[in-house]
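Reading through the structure tokens given below for one structure.
The values are calculated or read from the model by the stated rules, or taken from the named source; none is laboratory data. All of these numbers come straight from a predicted model, not from anything done at the bench. Don't worry about glycine lacking a Cβ; one is built from the backbone with ideal geometry, like all the others, and counts go over all protein chains shown.
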Amino acid sequence: MACRPCVGGWRPCATRRWHSTSPGTSAPSSGRSATGRPEPRELRLEGGESQDAPVTSTRSIAGPVVALVDQDTHAMRVLGRALEERGYRVVRATGLADLEHVLATGPPPRFAVVETRLEGNEGHEVLRLLAAAAPKARVVVVTNHATLAGAVAAVRLGAVDYLARPVDVSRIERSMWVDPPVDDVRFPDRRLTLDEHEQEYIEYVLQRCEGNITRAAAWLGIYRQSLQRKLKRMGRRA
């Protein structure tokens, strides 16, 4: 099949070939070698040198730093991945010693999400450390063991919100940025049992006694061994 005349330099015709109406003009490169493989691209530098273009490039985004403190590494990994997808830079710690290392070797976090039920009752010490080492950080407590006494203690130690699991990442992120309304009171779906009221009161007394079992037992008017048995049933280490 004959090609139609091409007008004005190099143009593709109906047969998908390049033709020129001007003699002595070379065809534009197709970007492929004689074997049909793509030709390597070049980057031209200011000094006239050239180098092969990289195939891929990555760009690091320095978002706000969020410190996650939780001994449940799976839950911490899931939450950390969700926050990283939203543009945050996440650092992780499983306890007080890990957090001390993180704060000593990196920039102070802008936010912190803390599980206060940690080994050795370190949760409140973690909040005190954050208040001292990163006073501008907004701390959100997210816990599997929410109690009224725990919420009061966390807020007194500087937490901006106290959330009970399960809770989605959007709710956590909102608390990281915005203070909850004063009238945002969430009543439980059911009334607490007598045992649950007792557990909350024991938690409150232990916090007032700074974890001292002997002082807490004297406050409650029971023997130390009786309090230890109650704590064991509650899943607490005496």
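The table below gives the values:
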item	result
Qualifying residues in the range 192-209 (those that are within 32 Å of the chain's Cα centre (by Cα) and polar (S, T, N, Q)) - the one nearest to Lys230 (Cα to Cα)	Gln199
Number of the exception - Arg32 against (1) modelled with pLDDT of 90 or more; (2) in contact with a Pro (Cβ under 7 Å, 6 or more places away or on another chain)	(1)
Index of the failed condition, Val160 passing every other in (1) in contact with a Lys or Arg (Cβ under 6 Å, 6 or more places away or on another chain); (2) in contact (Cβ under 8 Å) with a residue 60 or more places away in the chain	(2)
Test: residue in the range 116-123 that is modelled with pLDDT under 90, under 22 Å from Lys136 (Cα atoms) and not β-branched (Val, Ile, Thr)	yes
In the range 193-225, the residues that are surrounded by fewer than 12 Cβ atoms within 10 Å (Cβ to Cβ) and in a helix (DSSP H, G or I)	Leu194, Asp195, Thr214, Gln225
Some residue of the range 171-178 being more than 25 Å from Val65 (Cβ to Cβ), loosely packed, with under 15 Cβ neighbours inside 10 Å, of a type in the set (Phe, Trp, Tyr) and out of contact with any Asp or Glu (no Cβ under 7 Å at 6 or more places or on another chain)	no
In the range 78-87, the residues that are in contact (Cβ under 8 Å) with a residue 24 or more places away in the chain and under 17 Å from Val167 (Cβ atoms)	Leu79, Ala82, Leu83, Arg86
Residue that is modelled with the highest pLDDT, among those in the range 57-79 that are surrounded by fewer than 19 Cβ atoms within 10 Å (Cβ to Cβ) and under 14 Å from Ile172 (Cα atoms)	Val78
Subset tally (residues that are crowded, with 21+ Cβ neighbours inside 10 Å, part of a helix (DSSP H, G or I) and not small (Gly, Ala, Ser)) for the range 116-128	2
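Condition check ((1) within 18 Å of Val65 (Cβ to Cβ); (2) surrounded by fewer than 20 Cβ atoms within 10 Å (Cβ to Cβ); (3) under 19 Å from the mean Cα position of the chain (by Cα); (4) free of Cβ contacts under 8 Å to residues at least 12 places away in the same chain) across all residues:
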position	(1), (2), (3), (4)
Glu100	yes, yes, yes, no
Thr105	yes, yes, yes, yes
Pro108	yes, yes, yes, no
Val114	yes, no, yes, no
Leu130	yes, no, yes, no
Ala133	yes, yes, no, no
Lys136	yes, yes, yes, no
